[in-house]
Amino acid sequence: MQELKNIKGTHDILPTGIAKWQKIEKVLQKVFTAFCYKEIRTPVFENTALFARGVGEFSDIVSKEMYTFNDKGGESLTLRPELTAPVARSYIQHHFWQDAPVHKLWYLGPLFRQERPQAGRQRQFHQYGVEVIGSSLPEADAEVIALAYSIYRELGLKNFALHINSIGSTDTRKNYTDLLQKTLEAQRQDLCDTCKQRFDVNILRLFDCKNPGCAQIMKNHAPSILDHLSREDAEHFTRVRELLDAMMIPYEVNPALVRGLDYYTRTTFEIKGTALGAQDALCGGGRYDNLLRELDGPDTPAVGFAAGMERLILAMEAEGLFAEDEEGMDLYLAPMDSRALDTAMPLAQSLREAGYSVYVDLLGRSVKAMLREANRKKARHTAVIGEDEIKNRRLQLKSMFNNSVSTLPFEALADALINEK
RNA sequence: GUGGAUGUAGCUCAGUUGGCAGAGCGCUUGGUUGUGGCCCAAGUGGUCGUGGGUUCAAGUCCCAUCAUUCACCCCA
């Protein structure tokens, strides 16, 4: 008999750990609302073709990391490894552009990639992100970056750095990659094996290589894409920078920043957690002006980002941003036996309808045991219910903070709780 | 897919040259009738990851395997 356990690279988020998620989700809601973005939720699985066409057939994600399976009808389905393509698919399918020229969307949900797990990398993980579809203006890029940045600021995170770059529009990049290949031809035999392979397939990725030899070659010989942008691309990038400056958002221009997904154009950016381990990318995004068209949609420009929840939690833990404060409850009711529960449960019910959180012990334990638990659960008040209380319909409300006790009829309980809240 | 490290109680971990499986925390109960925290006491809890092997004897040594974890890779 096989032991039942979670799948490798997945995690239960236990009751003891859920507060971290809820804290972040609350801030996300707040910031997205402040920016007037609307939430969108798409299914966790899609036709495999969506990702093959959207993300790029030769990207690592599609070529070796997807959970793909055939359903009973023989259709090839895939658990979503990213969310930009599904959101784009939804935009196209529901003809969003007929409703308004620009849509500002946000999402949060689980994603699936079959990679080897390590710190900051799971097989099921969660990302939040935004997509602004319908604007080609640099102002949209700046707003998206400002939004991404605001979330970390609002959460109180300190150790992070924003890197931005422009990889140009399609023509610019074609000219640049030709130039790169020409310039680096002489160094080609000195590159590592993977870089040799990438030389023809996707030479931009050489910038990502952590091999010191390759990094040195790139540093000494590779021209910067920023020196080879078209006039329009350069103006676009300059405007993005001006706006970030005006919003007092600190950034670093990093001409070696290239993204691994095929759909990006012009602006790319990444936010790195500077206190994280090897998996330090907290947030990655950029402009993708060709994706909608490639998915048979209208020729609509777009810009967005995705950010990892689990990595954010790691970064926040490293900075001690999660307080230990457990929620507690307004009242812990301690019925002494099942007859007392007949009285306690309706009483609790009416208090809950009045807006109080009330915990009822269901085990009929000793008073000492119940009070001990009430203390542990950080109850603000306790009340024992036994024979006297049932007979007189009065109880002793005890404050767990100052030990004060007041004797009250049941009907006066709600008012007493509000006074001490 | 490739390397390194680690698997003992719910959690964090001890366990000597191979010789009765332990501690702290937690949880339960009690310390005079129905009142928490502190203290004291008792109790609960383990297929020592799994399967082989060596041995009178294996948590300890050997082999295999699985899992976890960190790094490569990739990315959020």
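We did not get these values from a lab; they are worked out from the coordinates using the rules stated. Everything numeric here is computed off the predicted structure, so don't read it as measured data. Positions of Cβ are backbone-derived with ideal geometry, glycine not excepted, and every protein chain shown enters the neighbour counts.
Which one of A:Ala340, A:Gly328, A:Asn402 is farthest out on the positive end of the charge dipole of region A:299-421, using unit charges on Cβ (Lys, Arg +1; Asp, Glu -1) and the Cα centre as origin? Going by the Cα projections, it comes out as A:Ala340. The packing ranking, built from the mean of other Cβ atoms within 10 Å per residue, places the peptides A:339-349, A:65-75 in the order A:339-349, A:65-75, highest first. Taken over the Cα atoms of region A:338-387, the convex hull encloses 74 Å³ per residue. Whole-Hz Karplus values for region A:111-118 come out as 10, 9, 9, 8, 10, 6, x, 7 Hz, taken residue by residue from phi with 6.51 cos²θ - 1.76 cosθ + 1.60 and θ = phi - 60°; glycine and proline positions read x.
Here A:Ser76 and A:Glu232 are evaluated by their C-beta separation; at R0 = 30 Å the FRET efficiency comes out at 0.15. You can think of it this way: the chain between A:Asp342 and A:Lys196 has 44.9 nm of extra reach, that is 0.36 nm per residue less the Cα-Cα gap. Report the FRET efficiency, 1/(1 + (r/R0)^6), for A:Ile18 and A:Ala275, where r is their Cβ-Cβ distance and R0 is 35 Å, rounded to 0.05. Computed FRET efficiency for A:Ile18 and A:Ala275: 0.90.
The HN-Hα couplings worked out from phi for region A:354-362 by the Karplus form 6.51 cos²θ - 1.76 cosθ + 1.60 (θ = phi - 60°) are 7, x, 9, 8, 10, 9, 10, 5, 10 Hz, whole numbers, x standing for Gly and Pro. Scoring A:313-323, A:117-127, A:380-390 by mean Cβ neighbours within 10 Å over their residues and listing the highest first yields A:380-390, A:117-127, A:313-323.
Between the amide H of A:Leu157 and any residue lying 5 or more places away or on another chain, no distance stays under 5 Å, with hydrogens modeled in the peptide plane. Simple point charges give the picture: +1 on the Cβ of Lys and Arg, -1 on the Cβ of Asp and Glu, and for region A:137-225 a dipole about the Cα centre of about 320 debye.
Computed over the alpha-carbon pairs of chain A, the distance histogram in 10 Å steps reads 4, 18, 23, 20, 13, 10, 7, 4, 1, 0 percent, short to long. Excluding same-chain neighbours fewer than eight residues apart, the aspartates and glutamates reachable from A:Lys182 by a Cα-Cα span under 13 Å are A:Asp200. For region A:328-419, the square roots a ≥ b ≥ c of the C-alpha gyration tensor eigenvalues yield an a/c under 1.5, which makes the shape rounded. Placing dummy labels 7 Å off each Cα toward the beta-carbon, the span from A:Glu39 to A:Glu252 is 3.5 nm.
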